[in-house]
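Visitor: Structure incoming, see below.
The values are calculated or read from the model by the stated rules, or taken from the named source; none is laboratory data. These numbers come from a predicted model, not from an experiment. Neighbour counts are summed over all protein chains in view; Cβ atoms, including those assigned to glycine, are modelled from backbone coordinates with ideal geometry.
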Amino acid sequence: MPDAGPLGTAHPITLTDGTATRTREVTPDDLGPVQALHRRCSRGSRALRYHAGKPQLSWAGWRLLSDPERGTTLVTTTAERRDHIIAMTNVMRTDRPGVGELAVLVEDEWQSKGLGTALAAHAADVARRAGHHTLTAAVAAVNTPMLHVLKRLVMRPIRTPGPVLDVDIPL
Ligand SMILES: CC(C)(COP(=O)(O)OP(=O)(O)OC[C@H]1O[C@@H](n2cnc3c(N)ncnc32)[C@H](O)[C@@H]1OP(=O)(O)O)[C@@H](O)C(=O)NCCC(=O)NCCS
């Protein structure tokens, strides 16, 4: 598996337990490992990511997320197992010029080790380089970990007036 994606986005992140990881742009060869990531994730994690009870990523969903014209998808592996994807991060174009939509899915076993926070910060850099001025994210009000991740990006508390929040993050 290549060390870097087409735009050279390979990015090292060390987790709080010391595990070294690598994050790079997705390639067409990643479909199998991305599907496997989705199958290993709990139903709850998939529901928080997609706001729906998807058992796995659909073919249409994969085509969208892996199309560079539609945005940037990053996949994360450990440094030791480059064919085993443990997280997927998306910065997708929206119909608002300059606004990218952020989403992150970290495999349950790898959650709470600082990966989501580091991936969101990296995604903000990727979005800036892609010319975006704002990131937006749709987050369930019950999704405490993602709200913590976003709070670190916007550097202010996030109010939760309804069941799903659309959070805008100026870059
Ligand atoms: C949301 C998600 C991406 C966060 O990734 P992560 O690797 O677990 O995040 P981190 O380890 O960086 O922790 C982020 C924050 O959440 C807190 N946190 C982590 N797990 C938690 C838990 N189970 N309960 C409450 N808080 C938790 C951490 O303490 C941290 O807060 P802090 O920065 O104030 O210390 C990950 O949990 C996930 O993929 N969830 C399912 C999909 C999802 O919700 N995606 C977001 C939709 S856009």
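Visitor: Which residue is nearest to the ligand (Cβ to nearest atom), if the candidates are limited to segment 92-113 and must be among the small types (Gly, Ala, Ser) and under 18 Å from residue 165 (Cα atoms)?
Guide: Here the answer is 103.
Visitor: Give me the strands (runs of 3 or more DSSP E) completely within segment 59-106, filtered to those with at least 3 residues that are over 18 Å from residue 32 (Cα atoms), ordered by residue number. Break it down stepwise before answering.
Guide: Working: elements: 71-78, 85-93, 99-106.
Result: 85-93, 99-106.
Visitor: Being modelled with pLDDT of 95 or more, surrounded by fewer than 18 Cβ atoms within 10 Å (Cβ to Cβ) and among the polar types (S, T, N, Q) narrows it down to one of 89, 78, so name that one. Can you show your working first?
Guide: On the way: 89 fails: surrounded by fewer than 18 Cβ atoms within 10 Å (Cβ to Cβ).
The match here is 78.
Visitor: Could you list, in sequence order, the residues of segment 122-146 that are more than 11 Å from the ligand (Cβ to nearest atom) and closer than 26 Å to residue 10 by Cβ? Steps first, answer last, please.
Guide: To start, the set of residues in segment 122-146 that are more than 11 Å from the ligand (Cβ to nearest atom) comprises 122, 124-134, 141.
Correct list: 122, 124, 125, 126, 127, 128, 129, 130, 131, 132, 133, 134.
Visitor: Does residue 97 satisfy being touching a residue at least 40 places away in the same chain (Cβ under 8 Å) and closer than 28 Å to residue 133 by Cα?
Guide: Details: touching a residue at least 40 places away in the same chain (Cβ under 8 Å): no; closer than 28 Å to residue 133 by Cα: yes.
Judged against the criteria, residue 97 is not a match.
Visitor: Residue under question is residue 49, and the condition is that it be in a helix (DSSP H, G or I), among the basic types (Lys, Arg), within 14 Å of the ligand (Cβ to nearest atom) and at negative phi; does it hold? It would help to see each step written out before you state the result.
Guide: Numbers: in a helix (DSSP H, G or I): yes; among the basic types (Lys, Arg): yes; within 14 Å of the ligand (Cβ to nearest atom): yes; at negative phi: yes.
It is true that residue 49 is in a helix (DSSP H, G or I), among the basic types (Lys, Arg), within 14 Å of the ligand (Cβ to nearest atom) and at negative phi.
Visitor: Go through segment 63-75 and report how many residues are surrounded by fewer than 20 Cβ atoms within 10 Å (Cβ to Cβ) and touching a helix residue (DSSP H, G or I) at 6+ places or on another chain (Cβ under 6 Å).
Guide: 1
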